[in-house]
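Presented below is the structure to which this report refers.
The values are calculated or read from the model by the stated rules, or taken from the named source; none is laboratory data. Computed from a predicted structure; not experimentally measured. In this analysis, Cβ positions are derived from the backbone assuming ideal geometry, glycine residues included, and neighbour counts consider all displayed protein chains. We work out accessible area using only protein heavy atoms, side chains counted, and drop any ligands, DNA or RNA first. Shrake-Rupley method; radii C 1.70, N 1.55, O 1.52, S 1.80 Å.
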Amino acid sequence: MALSRGCAGLWRTCSMLVPRHRLLLPVAARLQSTVSGDLLPRTSLSSPPWPELTPEPEEEQRARHAAVVSAVNRKIHQQDFGRLFAVLHFSGRQWKVTAEDLILIENHIEADCGERIRMEKVLLVGAEDFTLIGRPLLGKDLVRVEATVIEKTESWPKIHMRFWRRHRFQRKRIIIQPQTVLRINSIQLNPSLT
């Protein structure tokens with residue numbers, strides 16, 4: 001009995017090593033198929049639908065860059081760009097603003113009410129026809145964003161309550177944050193783009 005079990009185990013092991021039916025290799029399938037062309041169907045996964053890009057020569061890149069820069073400088077010099085918008089980094093946040101916008105900052109600013117301040121961290125300035133993107137910031141000589149401090153106040157009381165049931169644990173904390181309201185006065189561009 002033990003001998004027959006050992007042979008059965010040996011038979012199972014050997015039978016798994018030998019394939020039961022022949023698998024068709026891609027070469028054999030290609031020789032036997034009557035369809036011409038690739039084995040895989042042409043899908044967006046096998047090849048992208050857009051044509052492959054060839055690198056542009058360096059002289060053409062420089063010429064195109066100079067043409068774009070001169071066109072943008074001309075528009076800035078003629079003030080022919082419409083309404084400007086800017087993305088600012090202020091008080092740990094990013095703000096998309098235009099002229100005469102009001103922004104509410106949950107932070108205290110050292111300037112008093114009525115004072116004008118200059119926003120120096122400008123990430124992006126855009127118009128109808130062009131957008132200037134900083135890496136990471138635009139230069140201070142290129143763009144100037146000015147704001148006025150309108151109001152300095154405090155937020156409404158926010159209640160932070162912690163409670164553990166069946167433990168007689170309650171903690172109540174009232175949070176009041178300082179707030180500052182700013183009005184964006186102007187966004188100015190200088191035609192010094194290089």
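Worth pointing out:
- With Cα atoms defining each centre, segment 74-100 and segment 113-157 are spaced 8 Å apart in the structure.
- Cα pair distances exceeding 18 angstrom across segment 58-194, given as percent: 64
- Distance between modelled label sites at Leu102 and Ile176, nm, 7 Å Cα→Cβ extension: 2.2
- Phe85 accessible area, assembled protein chains, probe 1.4 Å, Å²: 50
- Sorting Ile76, Ile150 by accessible area puts them as Ile150, Ile76; the probe is 1.4 Å, largest comes first, and only protein heavy atoms count.
- Solvent-accessible area of Glu58 with every protein chain in place, 1.4 Å probe, in Å² to the nearest 10: 100
- In the context of the full protein assembly, Ile187 retains an accessible surface of approximately 20 Å², using a probe radius of 1.4 Å and ignoring ligands and nucleic acids.
- For Lys75, the lysines whose Cα comes closer than 30 Å to its Cα, not counting residues fewer than 8 places off in the same chain, are Lys96, Lys121, Lys140.
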